[in-house]
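Below is one structure, written out as structure tokens; comments come after it.
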Amino acid sequence: MAEPLIKLSGLTSGYGDVQVLWGIDLEVREGEIACIVGSNGAGKTTLLRTISGLVHATGGSIIYDGNDILRAQPDVVVGQGIAHVPEARRLFRGLSVRDNILLGAYLRDDRQEILADLELIYNLFPILKEREKQDASTLSGGEQQMCAFGRGIISRPRLLMIDEFSLGLAPQAVERLSEALIEINKTGITMLLVEQDVITAFEVAHYAFVIETGRVTLNGSTKELSDNPMIRQAYMGI
Ligand SMILES: Nc1ncnc2c1ncn2[C@@H]1O[C@H](COP(=O)(O)OP(=O)(O)O)[C@@H](O)[C@H]1O
Ligand SMILES: [Mg+2]
């Protein structure tokens with residue numbers, strides 16, 4: 001069994017007086033795609049934002065590659081090799097597709113290598129190459145998500161965290177993006193996905209954590225959880 005690349009223990013966090021996470025234990029092994037599923041408001045986005053250092057943890061630990069990053073600033077977290085593709089993609093209007101992707105490389109200074117990585121991203125999503133000079137806000141939802149993935153990948157992360165990539169997209173776009181995530185994982189990038197769409201998440205991920213009101217209530221391989229009657233009824237509608 002591979003070592004965990006990241007391991008959260010007893011993680012608590014929230015906003016001011018409002019506690020959202022109540023002691024999260026979770027780990028993602030190197031090379032794996034893990035997902036966090038749960039209803040709206042369960043604390044999924046807060047969890048990714050806490051790992052990224054955007055929301056301050058109040059307790060517990062986050063051990064990443066052997067170091068505790070619980071109190072690390074967001075740029076330090078990125079510098080350690082953790083990329084975060086946020087909810088709703090958050091591309092910059094007024095910037096081209098190419099420049100939006102390149103923003104993800106802001107901590108790198110190896111220009112030739114960055115441009116080579118940009119070509120790899122264009123090979124993965126040829127439509128982005130065709131649209132590279134267009135304002136990113138003119139892309140379709142699925143294309144914007146490709147661009148957001150590109151911005152995440154170009155930082156050369158070891159851990160790529162993606163918040164609700166399927167939200168609001170047509171099934172065909174979700175299918176294409178799911179395939180891309182599997183291809184990206186095969187290049188050696190470990191992933192932590194957050195999804196409300198459990199069927200999509202289970203198609204892509206190897207392992208899942210179910211979170212309810214800021215607590216992990218169940219975890220297991222996606223294969224095993226797909227056969228769990230409670231999960232099927234509560235989250236998959238079957
Ligand atoms: N900036 C914020 N300030 C205060 N409360 C927030 C903030 N963002 C989220 N929350 C609250 O935290 C809880 C979890 O939200 P969130 O992490 O966005 O859930 P999910 O991503 O699972 O839908 C919700 O009750 C939400 O209202
Ligand atoms: Mg969310």
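Quick note: the coordinates plus some simple rules give every number you see, no bench work behind them. Keep in mind that what you see is a predicted model, and the values were worked out from it rather than measured. In this analysis, Cβ positions are derived from the backbone assuming ideal geometry, glycine residues included, and neighbour counts consider all displayed protein chains.
Could you give me the radius of gyration and the Dmax of the stretch 1-72, taking only the C-alpha atoms into account and expressing both in angstrom?
So, for the stretch 1-72, Rg and Dmax equal 12.0, 40 Å respectively.
Could you tell me the convex hull volume per residue, in Å³, taken over the Cα atoms of the stretch 186-238?
Measuring per residue, one finds 86 Å³ for the Cα hull of the stretch 186-238.
Provide the net charge surrounding A170, with neighbours chosen by a C-beta distance below 13 Å and charges set as Lys +1, Arg +1, Asp -1, Glu -1.
Once positives and negatives cancel, what remains is -2.
I need the Debye-formula profile for the stretch 159-211: one equal scatterer per C-alpha, no solvent, reported as log10 I(q)/I(0) at q = 0.30 1/Å, two decimals.
Debye curve over Cα of the stretch 159-211, log10 I(q)/I(0) at q = 0.30 Å⁻¹: -1.44.
Of all DSSP beta bridges in the chain, what percent run antiparallel (nearest 5)?
55
Suppose every K and R has +1 on its Cβ and every D and E has -1 on its Cβ; what is the size of the dipole of the stretch 122-238 about the Cα centre, in Debye to the nearest 20?
380
Which value in deg cm²/dmol, rounded to the nearest 500, describes the helix-derived mean residue ellipticity at 222 nm for the chain, given -39,500 (n - 2.57) per DSSP H run of n ≥ 4 and division by the residue count?
So the calculated ellipticity at 222 nm is -10500 deg cm²/dmol.
Please compute the volume of the convex hull spanned by the alpha-carbon atoms of the chain and report it per residue in Å³.
123
Would you mind counting up the charge near L120? Only other residues with Cβ under 12 Å from its Cβ, with Lys and Arg at +1 and Asp and Glu at -1.
Numbers: positive: K129, R156; negative: E113, D117, E119, E183.
Every neighbour counted, the sum reads -2.
Assuming R0 = 41 Å, what is the FRET efficiency of E183 and D68, from their Cβ-Cβ distance, to the nearest 0.05? Don't jump to the answer; show the numbers that get you there.
Values: r = 32 Å, r/R0 = 0.78.
Taking R0 as 41 Å, the efficiency between E183 and D68 is 0.80.
Excluding residues fewer than 8 places away in the same chain, name every one of the aspartates and glutamates whose C-alpha is closer than 14 Å to that of K186.
Excluding near neighbours in sequence, the set is E30, E32.
Scattering from the C-alpha atoms of the stretch 50-106 alone, worked out with Debye: what is log10 I(q)/I(0) at q = 0.12, 0.20, 0.25, 0.29 1/Å?
Taken in order of the listed q values, log10 I(q)/I(0) reads -0.36, -0.80, -1.03, -1.21.
Could you compute the FRET efficiency for L218 and R176, with r as their C-beta to C-beta distance and R0 at 22 Å, rounded to 0.05?
Result of the calculation: an efficiency of 0.15.
I need the P(r) histogram for the stretch 80-200: all alpha carbon pairs, bin width 5 Å from 0 out to the longest distance, whole percents.
With a bin width of 5 Å, the distribution comes to 2, 12, 24, 27, 22, 11, 3, 1.
Which of the lysines could a cross-linker bridge to K129, judged by Cα under 18 Å and excluding same-chain residues fewer than eight apart?
Within reach: none.
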